[in-house]
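What follows is a set of notes on a single structure, which appears directly below.
Read the figures in this text as sums done on the coordinates, not as results from a lab. Keep in mind the model is a prediction, meaning the values are calculated, not measured. Glycine also receives a Cβ, built like all others from the backbone with ideal geometry; neighbour counts cover every protein chain displayed.
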Amino acid sequence: MILESIVFYSLAVASVGSALLMVTRRNPVIAALYLILNFFCLAGLYLTLQAQFIAVIHILVYAGAIMVLFLFVIMLLNLGDERKLSDAISPRKIIAGGLSLALLLELLSIFVTGTEGLPEYNADQALQVGTVEYIGKQLFTKFLFPFEVTSILLLAAIIGAILLAKKKPD
Amino acid sequence: MGIQLYLYLSAILFMIGVVGVIARRNAIIVFMSIELMLNSVNLTLVAFSAFLGDVTGQMLVFFVMTVAAAEAAIGLAIIISLFRNKQTVNLDEINILKW
């Protein structure tokens, strides 16, 4: 139990810290690297919840595919002098801070009052739900239709990306 | 270890993502903040799924990841074509849709 708490708190602190660093860095490459660190922390948190399949595909899809795409685009664009994009303390930033603080308080109040009566954590049950075997069985029976629709979505994304990034539209 | 801890953590991560979207002007960093917000919601879904012993939450995370991958591909293609036309990724200078 103590070990679980240590793992959770260290992963939580690391994920919040890397998220903060990601948002505040000027250089997009460094921001992307902090985002990858954040993804690894989240994968660890999924493992503390016994969601092994989600943890593995999270690493594969996010850190492996999406962030590589981000880094490619950052390097393709070759943004150069980042100070041109630099933004000092402006009214917009103060409003952003206030608004997001209000949003945080709203979410926390919902989570404090709305989570009463939930069942206690049952590790055996969670372990049974999170395995690749169980998720695969559900994916190809109960969730077969959404799974097939996903393929159409990905096809549309491929065609759209090629059309948008083409040199000359004809 | 209650479910509340996971929910608080995801609320904090979501808030950091919101700050990034509103305060930053670099389109790529705004985009990464959106990914951060998607992930914080995924954490909420996985936490509920594990605590309720219901697989539906993890299925939804699976589909959110697919949508995020499609969104990243399309969004980055849009950023590339914008950069090709305007030589900038500063969102304040990208106002061609503004009336």
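For peptide B:27-36, what's the mean number of Cβ atoms from other chains within 10 Å of each residue's Cβ?
6
Can you work out D for segment A:1-78 in µm² s⁻¹ from Stokes-Einstein, where Rh is the Kirkwood radius over C-alpha pairs, the temperature is 4 °C and the viscosity is 1.567 mPa s?
Roughly 98 µm²/s, to the nearest whole number.
Please turn the phi angles of segment A:127-136 into ³J(HN,Hα) values with the Karplus equation 6.51 cos²θ - 1.76 cosθ + 1.60 (θ = phi - 60°), one per residue in order, whole Hz, x for glycine and proline.
5, 5, 6, x, 6, 4, 4, 5, 5, x
What are the ³J(HN,Hα) values, in whole Hz, obtained from phi via the Karplus relation 6.51 cos²θ - 1.76 cosθ + 1.60 with θ = phi - 60°, for each residue of segment B:36-42 in sequence order, with x given for Gly and Pro?
Working through the residues one at a time gives 4, 5, 4, 5, 5, 5, 4 Hz.
For B:57-64, what's the mean count of beta carbons from other chains sitting within 10 Å of each residue's beta carbon?
6
Ordered by residue, what ³J(HN,Hα) values in Hz, to whole numbers, does segment B:60-75 give under the Karplus form 6.51 cos²θ - 1.76 cosθ + 1.60, where θ = phi - 60° and Gly and Pro are x?
Per-residue couplings from phi come out as 4, 4, 4, 6, 4, 5, 4, 5, 5, 5, 4, 5, 5, 4, 5, x Hz.
Classify segment A:131-170 as rounded, prolate or oblate, taking a ≥ b ≥ c as the square roots of the eigenvalues of its Cα gyration tensor: rounded when a/c is under 1.5, otherwise prolate if a/b is larger than b/c and oblate if not.
In terms of gyration-tensor shape, prolate.
Which shape class, rounded, prolate or oblate, goes with the protein assembly as shown when its Cα gyration tensor gives a ≥ b ≥ c as root eigenvalues, a/c under 1.5 marks rounded, and past that a/b bigger than b/c marks prolate?
Verdict is oblate for the protein assembly as shown.
On average, how many beta carbons from a partner chain sit within 10 Å of the beta carbon of a residue in A:91-99?
Neighbouring Cβ atoms belonging to other protein chains average 3 per residue here.
Would you mind putting A:30-43, A:96-109 in packing order, based on average other-beta-carbon counts within 10 Å, highest first?
Per-residue mean Cβ counts within 10 Å order the peptides as A:30-43, A:96-109.
Sort A:MET67, A:MET1 so the one with the fewest other Cβ atoms within 10 Å of its own Cβ comes first.
Listed from fewest to most nearby Cβ atoms, that is A:MET1, A:MET67.
Grab the beta carbon distance between B:THR56 and A:LEU153, set R0 = 22 Å, and tell me the FRET efficiency rounded to 0.05.
0.70
In deg cm²/dmol and to the nearest 500, what is the mean residue ellipticity at 222 nm of the protein assembly as shown if only DSSP H runs of at least 4 residues count, each as -39500 (n - 2.57), divided by the residue total?
-25500 deg cm²/dmol
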